[in-house]
Amino acid sequence: GTGTLGSLAVNGSFYGTVEKAGDKDIFAITLTAGETYSFDLSRTANGGVALDNAYLRLLNSSGTQVLVNDDFNTSNAHLTFKATVSGTYYLEA
């Protein structure tokens, strides 16, 4: 689904916490057609325990997966996306 923890602004960031195994955090973000965006998820700990696996998905407005990255390198997931349609998308970490 696309139930969110909130929204992210372009060039924004968020620090999250894994509450339990399988936890997923979803954030809405508004993208503009023709623009290219980069998204990064770091699995490193920020005063806590690091993620075992950095997994980042971009969903369209209906919740359908557009892109996914599972471990861009040893500590991050990375997506680059050129929006073809303006509107609300969702990032799932």
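The values are calculated or read from the model by the stated rules, or taken from the named source; none is laboratory data. It should be emphasised that the depicted structure is a prediction, and the values quoted were computed from it without experimental measurement. In this analysis, Cβ positions are derived from the backbone assuming ideal geometry, glycine residues included, and neighbour counts consider all displayed protein chains. Keep in mind that these areas ignore ligands, DNA and RNA; they rest on the heavy atoms of the full protein, side chains included. Shrake-Rupley method; radii C 1.70, N 1.55, O 1.52, S 1.80 Å.
Going through the range 69-84 one residue at a time, which ones are touching a Leu at 6+ places or on another chain (Cβ under 8 Å) and modelled with pLDDT of 90 or more? Answer for the range 69-84, where residues must be touching a Leu at 6+ places or on another chain (Cβ under 8 Å) and modelled with pLDDT of 90 or more: 79, 81, 83. With respect to the stated conditions, residue 60 is among the polar types (S, T, N, Q), at pLDDT 85 or above and open to solvent by less than 50 Å² (accessible area, probe 1.4 Å). Taking the listed residues 47, 22, 3, 34, the one that is surrounded by fewer than 11 Cβ atoms within 10 Å (Cβ to Cβ), at pLDDT 85 or above and over 13 Å from the mean Cα position of the chain (by Cα) is 34, with no other qualifying.
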